[in-house]
Every structure is written in C-alpha cells, then in structure tokens.
1. Count charges around residue 205 for me, please; just the other residues with Cβ under 11 Å from its Cβ, Lys/Arg as +1, Asp/Glu as -1.
2. Roughly how tilted is helix 41-51, in degrees to the nearest 10 and between 0 and 90, from the longest Cα axis of the chain?
3. Report the label-to-label distance for residue 644 and residue 679 in nanometres (one decimal), using points 7 Å from each Cα along the Cα→Cβ vector.
4. Given the whole protein assembly as supplied and a 1.4 Å probe, what does the accessible area of residue 542 come to in Å², nearest 10?
5. Once both axes come from the Cα atoms, what is the angle between helix 518-533 and the longest principal axis of the chain, in degrees from 0 to 90, rounded to 10?
6. Could you order 221, 180, 72 by accessible surface area, starting with the largest, using a probe radius of 1.4 Å?
7. So if each residue of separation counts as 0.36 nm, and I subtract the Cα-Cα distance between residue 569 and residue 115, what length gain in nm does that give?
8. How much of the accessible area of the chain, in percent, comes from carbon and sulfur atoms when a 1.4 Å probe is used?
Amino acid sequence: MRTTGSALRRGLCLCLVVFAVDVSADTPRCVPCDIVGRVSRDAIEQTVRHLSGADSFRIDGVAARLHTRHATSPEKYLAAAYLLDRARAAGYEPEIREFLLSIDRPDLTGVALATGCDTVWAGNLDGGICMATAAGGWDRFEACCALGHRVMDLDVDPSGRLWAAVGLSGGGLGALLVSTDGGRSFEERAQGANVFTLHEVDLAFPPFGVACGSVGTFLVTVDDGGYWFPVPAPRFSYLGLNGCAMTGPMHIWAVADGGRLFESVDMGGNWTSRSLTSQPLRDIDFHESGRGVIVGLEGAWHTADGGVTWTSSPVPEAMRAVEMVDSLTAVAAGENGTVWLSEDGGATWASISAGEPGVWRIAADTACVWVVGGEIARRVRLDPPAVEGRWDLSDSLSGINLVFRLPGLREPDRRIVLCAHYDSQSSTPLVCGPGADDNASGTAAVLESARALAGERPEKTIEFVFFDGEEMGLLGSRHFAAHLDDGAVYEAVVNIDMIGWDEGGDRSVEVAGRAGFAPDSLLFVLLDETAEAIGSPLSPHLLVNEMPISDHVSFYDLGIPSVLVIEGKKNELTPHYHSCTDVAAYVDFEYAAHCTRAALGAVVLLAGVEAAADSIGVVVLRRNVPNPFSAATAISFDLPSRMRVDLGVYDVLGRRVASLIGGEIGPGEIAYRWDGVGSGGRRLASGVYFLRLRAGAAEQVRKVVIVR
C-alpha cells in the first residue's frame, strides 16, 4: 500500500492509496509532516501534569489542583472544566453531553448544625459530605466534599470548625478530620495504629474535646483540637464505644456495646464503670443543667443529677441516637426510623413520626432539630411537635462527554473520531486517582492533536471526543455510540488509551482491533505506514486476540472500523496501573509524543487534511470531488502567489488528453469544474486518468476515475 517518490517542499512525506475506510477513496493521499510535526512533547507533558495533579492550573483566574478524576468524584467536573478551557483556547467550542452515570443512594450516618441553625451538613458511609443553607433553601443539598472514608459522625465546635469522625477505607482503623472552610476540604488531626473506627466526636467545652470508637478507642484533646492523644482504657479496650459526651471541661462519659456506662472526672486518667443492661448502649447526651439521656437496644435511661443516678424509661423499640435540646426536651430516634420526643428530661417519650429509614444521627439546637438516616434528611419542629421537612438526598450522578469538531469542507457528514477517556481509577479513587498514564496520556494526545489541526481544512469532519466513565464500564462511549448524530456517517474511530509507559524502551505500541474484521486491520496498516512515513521510532504491532477493553469496543456493534492505540506489547502495561502511584514522574513523554504523531497522521490521511497554502507558502492540488465521477467533477488547488500554471489530464500511457487551465493566475484557492471532455471536444471514455498541475517549480499529480 505504500508508494514512494520525492518529498515535496511542503513536507508531504508519504503518499498512500487509502482503502481502509472508503473503498472509493483510492486516490493517493500524503501525510503532511508539517501538521504532524506541530505536536509538542512539552504540551503533552503539561496537560498530563495538570490532569494528574503534579501541577496546579487556573480556571477562571482561580488556582486549582486535581487529586483524582474518578467519574463519581466532584473533582471530575474540575477536570472537565479544564479540558473545556483548553479546547476553547485552541479555537474550538466543545459540546457538553451529559448522561446518567449512576444513582447514588447514600447511607447518611452523620449530621451537624452551625450555630444559629443557618447551615446543616450531612455525611454518609461512602465518604460524601453535603450541605444546605437557610439562605439557599433547605431543598438544595449540594455535595461539598468526598473524603473516601466512612463518615460516622459530624460535629461543629464553638469556633465554627466542622469535625468528622471516620472509619478508614479498607480496614478497621479510623481518623479524626477537621474542616475550616465549611466542609469543602479536610485535614487529618488524629490517626494511627491504635485509632480504630471513630463513632462520635464532641467538642462542647473548648479547649477540651473527646472522640470514641471501636475496640475501646478514646481520644482527648486539651488544646482545642490541635493534638489528640489516646486515653489508655484497659478495662474496656475490647468494647466498641458507640457514644461519648462531656458534662464539664474534665468530666467525660462513654457508652459501650456491652451495656456499660463509663465515667471519668480527670479527662480519662481514671475511669469508673457501671452496667445498665446486657445489650449495647448506642448514644449519650447531656444538657448543661445536669440532665442527660442514654439510648440503646433495650430502650432509654435518664438522669437529673449529672449522672449520679440513672433511671430506665419505657420505650417500645430499640433506640439508636439521642440529643438534648434544652434542660427538659430531648429528641431520640428508633431503629425503625421513628422520631421520639421527650419533654420531661427523658422520663417519658412520644412518637412524632414513623415510616422512614432507620435514623443514625441527630443534631439539635434550641432553634431546630435535624435527623438523618438512609438517604433521608428530616427537619423536626418542636412547637407543635412534627416533622416539617423531608429531603431525599439520593443523587443521580451525571457523566460528562466533551465533543468538538473540525468541520469537513467537502464531505462534512462523513466523520473520523479521535477519542480518549479522561476519568481515572485506583484502589481509593475518591482520595487519589492521578491517572497520569491511564488516561491523562491519551487525553493529552487528543487535545494536542486538536491544537495541531486547528485552522486546517479537512475534506471530512474530524470529531474529537473525551469520554467519561470508561473505568466504570465504558459508560461514556456507550452513551455516545448509542446517540450518534443523525445523518452523519462515522467512517473510523481511533481511540488512545495509555501511551505513557514504554517497557524496555523498545518503542513498541499495540494497535488493537477485531480479529477477522478487515477494516480494523487496514486501520492498523495505515497507522503502521504513517509511523514509518514520518520517521517515527515506533514499532506498531497488530493485536487481535486477548483484546484490551477500552472505548473503541463501544463502536463494534455498529460496524464502525475502530482501533485502540495502547502502550507496549502483551503484559507491558505500566506497573502503576490503577494505583495512586500512576503519576507524571513515571510517564515517558517522548514515547507519548511519538504515539500522538502516529495517530494524528493516520487521522489526517483518513480525513483528507491538507495544510492551507497561504499559511505555508506552497502549492497544493486537492482531491477532486466526486471521484469517481460520471458527468462532472470539481477540481481545486491553492497558489501562494500569482504564478504561471498548467493543469492537464493524461491517460495511463502518459498522453495528454485534455488541457484545463494555462497562464498566470492566483494567488489563493482556484476552483475548476471539469465535465470529462477531452481536447478534441469528445467525452473521454471510462477509465483511469491523471490530473497534473505545474505551478512555478512545483508539480503535483492526482488520480481521476471516469465511470460512464
């Protein structure tokens, strides 16, 4: 399929007869090396570093840095905004295509109120924290952070900081986190081998605070949360501590799974304990008056003397959480989701709602009460008692595909797709998912190809696509393939996924397609010969077995020729695959640039891209349309200046059979309509002919086919 000849001065370094997609497009096409040569290795590196978090970038004048691009992370939207900004800077106007990624039904396990009740936060077992404000409307809960760990409790201290007691992902350890920006970001304040999943945190008496959790974990602070240290508690180290509270600067309490109540008057230096029941106690809370309430699987207990004596209260169901609102008013929640109200300090209880998911946590202020559980957040009114607001915090997460085009001038409805996915994955994707190789490298390749082609005039439309949700099962590309533009003919898909790791430095690259599907194999030949034509050190290999799964597969059922460009040979993917160490430092940017140029060169050939003559100062004879033709065909060519030209038609024996244009013309694009009539005024017979353009010192030839 490769023809040879002298390279033209404009850098057309290879002419190919292209059968890969359109069997009628058998005129020679040449790889414009000047276009492919515009690919910048440094630009690819910059994009990868930005997308993988190695460097910060600015969006709308604000500095930002990515930690992950996982499809369900809020940072994914920041990555999409970055790509939109870069595409627009290159002269394109991307189209945002949203699709349903997943329906997130959170298990709400934490709630906190700002002083004055103007803001409420809710946390869930997936690590998400959302918030709503009175000013913005309670029905507008918005995600503000994704911790990646199980949120067990939230608390706002008197200075307005938001604290989160969490269980770390992947094990039984825990941590205590604090936010000073309203829950948008958190920093760690306590963690370690002796800190297990934390169930509750209380900072009601600054600078003192307490937190408790599994395996007897009990933490205290005496410097307003700057440093937390574990309190030795050997007598109950095996117990799970479910709730804790303070009744003074040094006076602390905890309730445990074994039905035991623990008390310390010296901030955990010494403990006393008593048994209230054999069943787990779930929560404890006090009012400054000395009244307090405990709830558990066997009901509730109350005290009016600061915890000296405790009296059992009859409640018809197991209880999970409790909060004192004032000296006499307490709100509790049952295992079945019933909200209970006591107006006598916990001695008697009455239900004020039922039929909701089990409540995990309650946050109370004298002005308002909130309860959360399952996916439901509820606001409770105390006078008269009732649930006055109910919000389902389930969220339909949107995927975002970004699409932009370089329109074709002659056949705009025929399209070539160059694509990559921009989402990332790791074992803890909401915490860290740099994805430098997988797939910031492929994303950077598509973005840099678009920049290199900006301003060019392809015969067919080139469609650049960034897919979301590839790591969740090709969700973005499947949605795109199911909603292709009506009236468009998609001739080929070149998908780039992971081109940053060159195992052994042999410059091998896989081109994966379907076994036995000739158009895919011909796309490989095109990529292979393009790489050779531009002098690339790449060694492409056709892979048709053990198919790598990536976005090209989404187009298979539609019969569209589709291939994947991916690093290495079999078993040579990056060792940092799907990990927090897939960072820019391990990416071979020279290799990525070579892969980008090869893919771009193939797309240039498929779409019929030829650099504008007035921008490079050379003569260009364009492909005539239609070809083959019967009645007439349109011929055009570019002249950089006014010059003497001769445009003629020759038969296969080299005889001149028609003279079309002669004399001085130009500059600019010259158009000519030829009706297939020869020099003698006779219509030429069916067959193969050649257009030859001589302009100044330049000479170019195109094949023409007449079908009568």
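The values are calculated or read from the model by the stated rules, or taken from the named source; none is laboratory data. No experiment lies behind these values; they were computed from the predicted model shown. Using ideal geometry, Cβ is built from the backbone for each residue, glycine included, and neighbour counts are taken over all protein chains shown. Please note that ligands, DNA and RNA were not included when accessible areas were found on the heavy atoms of the full protein model with its side chains. Shrake-Rupley method; radii C 1.70, N 1.55, O 1.52, S 1.80 Å.
1. Around residue 205, the charge tally is -4.
2. Compared with the principal axis, the helix lies near 20 degrees.
3. 1.8 nm
4. Here the accessible area works out near 70 Å².
5. Helix 518-533 sits at roughly 80 degrees to that axis.
6. 180, 72, 221
7. Gain on stretching residue 569 to residue 115: 157.4 nm.
8. Answer for the chain: carbon and sulfur cover 51 percent of the accessible area.
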